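Read through the structure below, which is laid out as structure tokens, and then see the notes.
The values are calculated or read from the model by the stated rules, or taken from the named source; none is laboratory data. The structure displayed is predicted, hence computed values, not measured ones. Glycine gets a Cβ as well: all are built from the backbone with ideal geometry, and neighbour counts include every protein chain shown.
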Amino acid sequence: MAESKNPNQIVLSLISHTNVGKTALARTLLRKDVGEVRDSAHVTVVSEGYSLIEADGREALLWDTPGFGSNLAKLAKRLKSSKNPVGWILHQVWDRMKDTSLWCSQEAIRNISSDADVVLYLVDASQAPDTVGYVDLEMEILEWIGKPVLVFLNQTGRPNPERTASEENAWRDHLAKQPIVKSVATLDAFTRCWIQEHEVLERTGTVVEDKTKKKTATKLADAWKNRNVAVFDEAVSQISTLMAQSVCDSEKLTDKSMLEKVKGLIKTLTDRDPEFENVQKTMYARLAARTSTTINSLIELHGLDGETARKIAEHSQEEFAVRRDVEESIASALGGAASGLVVGISADLVHGGMTFGGGAALGAVLGGATTYALAKGYNLAQSDKNSVRWTENHFIQQLEFVLMLYLGVAHFGRGRGVWQDPENNPAHWEVCVHCLIEKNREAFVEIWKKAAPGKDDADKAQRRLEKVVRPLTVELLSKLYPAQKSVFE
């Protein structure tokens, strides 16, 4: 069978057994809802073509076809007895309403035979190759048609590199006897990462015979990568803006007389300070609002519907950093008038930097031992400002949290439906994100220091952050998908 005639157009036919996920994958790749997705056989009964990408007068066209039917074994036997099996099935007339299975199989074969340059064949990776008998029968039919086949594994579940490699090897071994199959890779409609998508066109360029079409496929693969990297760059910019707002966020405290400071210091040993309670609520409300806004923007940017319902947990509310004026005279006054605990607190305050003991004691100063006794990572420095801001530790934890959510968005295929906040994350994601954050901790601490109230504004902080966040996220995706790291080159 000859390839389609237009040298500047690549035609891809998406085919599989019925109910394996063709339309779901089409939605994910196209970034829009096409066809109908339902957990039943033969939802798609007519082939439909969609423009996958256009660039410089070239186009990739993706056909979503009806799935091969359940009575394929009977059909295959009849085809084997024919001298021209494909011609025989194309000339048969089946009633679409009375024999949907045969009708759909015929429609799929018709599309591949007349239109396709390359067949994208999906398999259900949740089943072992030797338990799926219909695949071999469908491969026989595709062999008769003669178009090159790229096999992609679908329904692979949560990302798991070891399991993915094992599944790919199993299917490669099983399909090795099929000369029509040119490659086997993973492209899950529900949990693929955008960094994998260009492989469809990249692999197409290696299997089409016409030299002009090879060039067309290569150019379109590059255009696909460039488009996705542009989305990635915008995502990094939005994440950096969010973190700049956090690192520059602060809340002023009421100026107090020396007597009020002394009274307040003693009072906070037993009671919570209403001022700090209000500051705490205000800071977390702002953090939750801007995080939700950013994640919702990332969801839309990646061609998804829905919005995040995730809220910033309040269990880490002790992570406040404090900058207050503390005169040595207060420490002297307290030294003769208060308990030994207060003396220890005041001494730590006067010396500026906090030891572990000082950090714990400072918790009592801020809002009562009950709320703040476990506080850590405080940085106290004398200044002209009476204000609180996020600690460097909490600021870095916020970034780790947002990067995990970004990975969720980057892997969420539109074929899966409306965005849902992940209940939990793959363990290897968490390990990889944490290691890269720690690798760059010094850079983030330096950014935090330069963004102290009255110093860097949010724009300067954003530029500093982007210089660290982008290479970090590039390294993150490259570690998760080493075979695709050339996307960023």
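How many residues does segment 391-401 hold that are surrounded by fewer than 21 Cβ atoms within 10 Å (Cβ to Cβ) and hydrophobic (A, V, I, L, M, F, W, C)? So the count comes out to 1. Against the conditions (1) over 31 Å from the mean Cα position of the chain (by Cα); (2) surrounded by 18 or more Cβ atoms within 10 Å (Cβ to Cβ); (3) part of a helix (DSSP H, G or I), Lys147 satisfies every one except (3). Residues considered: Glu466, Glu446, Glu423, Glu442. Of these, the only one that is farther than 24 Å from Thr164 by Cα, exposed (fewer than 13 other Cβ atoms within 10 Å of the Cβ) and either touching an Asp or Glu at 6+ places or on another chain (Cβ under 6 Å) or not aromatic (Phe, Trp, Tyr) (or both) is Glu442. When Lys177 is tested against the conditions (1) in a loop (DSSP other than H, G, I, E, B); (2) touching a strand residue (DSSP E or B) at 6+ places or on another chain (Cβ under 7 Å); (3) farther than 30 Å from Trp419 by Cβ, the lone failure is (2). Is there a residue being in contact with a strand residue (DSSP E or B) (Cβ under 7 Å, 6 or more places away or on another chain), at pLDDT 95 or above, surrounded by 22 or more Cβ atoms within 10 Å (Cβ to Cβ) and outside the structural domain of Ala26 (by TED's automatic domain parsing) anywhere in segment 240-249? Taking every residue of segment 240-249 in turn, none turns out to be in contact with a strand residue (DSSP E or B) (Cβ under 7 Å, 6 or more places away or on another chain), at pLDDT 95 or above, surrounded by 22 or more Cβ atoms within 10 Å (Cβ to Cβ) and outside the structural domain of Ala26 (by TED's automatic domain parsing). Going residue by residue through segment 203-211, is there one that turns out to be surrounded by fewer than 18 Cβ atoms within 10 Å (Cβ to Cβ), in contact (Cβ under 8 Å) with a residue 60 or more places away in the chain and within 30 Å of Arg389 (Cα to Cα)? Within segment 203-211, not a single residue is surrounded by fewer than 18 Cβ atoms within 10 Å (Cβ to Cβ), in contact (Cβ under 8 Å) with a residue 60 or more places away in the chain and within 30 Å of Arg389 (Cα to Cα). Identify all residues within segment 449-463 that are crowded, with 18+ Cβ neighbours inside 10 Å and at pLDDT 90 or above; write none if there are none. Once the filter is applied, which keeps residues that are crowded, with 18+ Cβ neighbours inside 10 Å and at pLDDT 90 or above, segment 449-463 yields Ala461, Gln462.
Among the residues of segment 472-486, which ones are in a helix (DSSP H, G or I) and either of a type in the set (Ser, Thr, Tyr) or over 14 Å from Ala235 (Cβ atoms) (or both)? So that I can check it myself, show each step before the final result.
Quick first cut of segment 472-486, residues in a helix (DSSP H, G or I) only: 472-480, 482-486.
Across segment 472-486, the qualifying residues are Thr473, Glu475, Ser478, Lys479, Leu480, Pro482, Ala483, Gln484, Lys485, Ser486.
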